[in-house]
Structure formats: structure tokens, C-alpha cells
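Take this structure first; my questions come after.
The values are calculated or read from the model by the stated rules, or taken from the named source; none is laboratory data. Since the structure is predicted, the reported quantities are computational estimates derived from the model, not experimental observations. All Cβ positions, even for glycine, are placed from backbone atoms using ideal geometry, and neighbour counts span all protein chains on display.
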Amino acid sequence: MANEADCLVVPGYLSPERALLAPRLALALWAWDVARLELGECAVYTSGGPQGNFVAQVAVWRSGRDVLCLDFGDGSINAPGFAQVIGAAESGFAIDAVRRASATAAGFAALVLTKRSEALDLLLEAMPVWGRLMIGALQTEPATVDFYNNVHRKGVRIAAVPATPAAIFDVVRRSEASRYLERAFRILGKSAETFGNGYSS
């Protein structure tokens, strides 16, 4: 039998199938809130996380722009049709693509969902001054970063965000997680056409 602390109260207006989507949507809302993504900014996320569709959708809602997805070949892209997928195998090409996309943007925020170390290096090299880098992977490989040039001189802000839906059930984070869950429930209750079958897996 499950403990009460490990359970979520689901609003009566949501079907069980829709309610199952809430933790992933809540994580996406949480991540871009921490990133402070705003209208007109360039949003980038990487492959490697199961919530990619949600990350992309929330980024579009907040920024009003198409989102970029950097594919590091780790099998989990989860990019909807409006996301521009950029292969990251050739780092020079990927860096140029990110720089072009962010050249006219009001700001820049990136979310790393992969454990691949080259993601950190690539994004820090490509991002403009005052960019924000959120790390949303359970673990990352050891990385060598040009901290002075790509972090300090650019004024880059780096932060960690919850990596898996299990964070929603973490007792320590419950009070913070609950507000994102409430938002996710409200959105899912009104957006059946937005979160169709493609978001259920």
C-alpha cells in the first residue's frame, strides 16, 4: 500500500490518462521558471530526457519563438514538429547554428537533459553574454570548461533543475513542486488538443 506522502491528489476533471502527463509537464514548467525564460528569448534544449516534448512546448509558450533541440545521439530527442533539431556531432556546425538563432533574440536560456559532457562545452561556447544554463540531467560526465572565457566573462548563470518526474514526489521539494503540479493540472484540463497521444509515452 502506498504512503500518503507518495500520492498526488488529482483533480476530478482530469482523466487518469491525462493526469499521468502532469509530472512531466510540471518539470518543464519548473525548469523554464528557474531559467527565467521570457518573451523574445532563444530557448535551447538537448536530447537525452524523456520530457523533451513538454520542454519544447513550454519554451514556445514562454518565448513566443521556435525552440532549438541539440541532438547528441543519445536516443531521446522527443522534439515536436515546431522544434528545430540540430545534430551536435559536428560541434562547429552546432555552435554556429545556435549563434545564428540567438543573434536577434532578446536573451538566451538552455536546458541540458543529456549526460554527455560535450553538451556543456558546446552550449557555453555558443551562448551570448548573460545567458542562462540549466542542468536537468540526473548525472553528467566530467567536463572541462573554459570557465574564465565562457562563464565568467560572459556573465553566464548556471543552475540545476529537477531531472525526473520522481522529483515531484520528493518530500523535501513537495511545497515547491505543488505549485507546478497545480499549473500542469490546469493546463492539461484545458489543452487536450495540445497534449495529444504524442505526449503520453
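Among what's in the range 1-47 and is modelled with pLDDT under 90 and more than 18 Å from residue 187 (Cα to Cα), pick the residue that is farthest from the chain's Cα centre (by Cα).
Result: 1.
Of all the residues that make up the range 94-127, how many are within 11 Å of residue 70 (Cβ to Cβ) and of a type outside the set (A, V, I, L, M)?
3
From 144, 140, grab the single residue that is polar (S, T, N, Q), surrounded by 14 or more Cβ atoms within 10 Å (Cβ to Cβ), at pLDDT below 90 and within 30 Å of residue 96 (Cβ to Cβ).
Of 144, 140, the one residue that is polar (S, T, N, Q), surrounded by 14 or more Cβ atoms within 10 Å (Cβ to Cβ), at pLDDT below 90 and within 30 Å of residue 96 (Cβ to Cβ) is 140.
Would you call residue 15 of a type outside the set (A, V, I, L, M, F, W, C), in contact with a Leu (Cβ under 8 Å, 6 or more places away or on another chain) and either more than 19 Å from residue 135 (Cα to Cα) or surrounded by 14 or more Cβ atoms within 10 Å (Cβ to Cβ) (or both)?
no
Rundown of residues vs (1) surrounded by fewer than 13 Cβ atoms within 10 Å (Cβ to Cβ); (2) free of Cβ contacts under 8 Å to residues at least 60 places away in the same chain; (3) under 27 Å from residue 168 (Cα atoms), yes/no style:
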position: 9; (1), (2), (3): yes, yes, yes
position: 24; (1), (2), (3): no, no, yes
position: 28; (1), (2), (3): no, yes, yes
position: 33; (1), (2), (3): no, no, yes
position: 88; (1), (2), (3): no, yes, no
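Regarding the range 111-121, can at least one residue be identified that is buried (at least 21 other Cβ atoms within 10 Å of the Cβ), in contact (Cβ under 8 Å) with a residue 60 or more places away in the chain and over 28 Å from residue 19 (Cα atoms)?
Within the range 111-121 (the criterion being buried (at least 21 other Cβ atoms within 10 Å of the Cβ), in contact (Cβ under 8 Å) with a residue 60 or more places away in the chain and over 28 Å from residue 19 (Cα atoms)), the answer is yes, since at least one residue qualifies.
Residues checked against (1) within 24 Å of residue 57 (Cβ to Cβ); (2) in contact (Cβ under 8 Å) with a residue 12 or more places away in the chain; (3) in contact with a strand residue (DSSP E or B) (Cβ under 9 Å, 6 or more places away or on another chain):
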site	(1), (2), (3)
149	no, no, no
154	no, yes, no
159	yes, yes, yes
163	yes, yes, yes
167	yes, yes, no
171	no, yes, no
181	yes, yes, no
187	yes, yes, no
190	yes, no, no
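For the range 48-58, how many residues are within 15 Å of residue 138 (Cβ to Cβ) and more than 8 Å from the chain's Cα centre (by Cα)?
Within the range 48-58, residues that are within 15 Å of residue 138 (Cβ to Cβ) and more than 8 Å from the chain's Cα centre (by Cα) number 3.
Mind listing whichever residues of the range 96-153 are within 25 Å of residue 50 (Cα to Cα) and of a type in the set (Phe, Trp, Tyr)?
108
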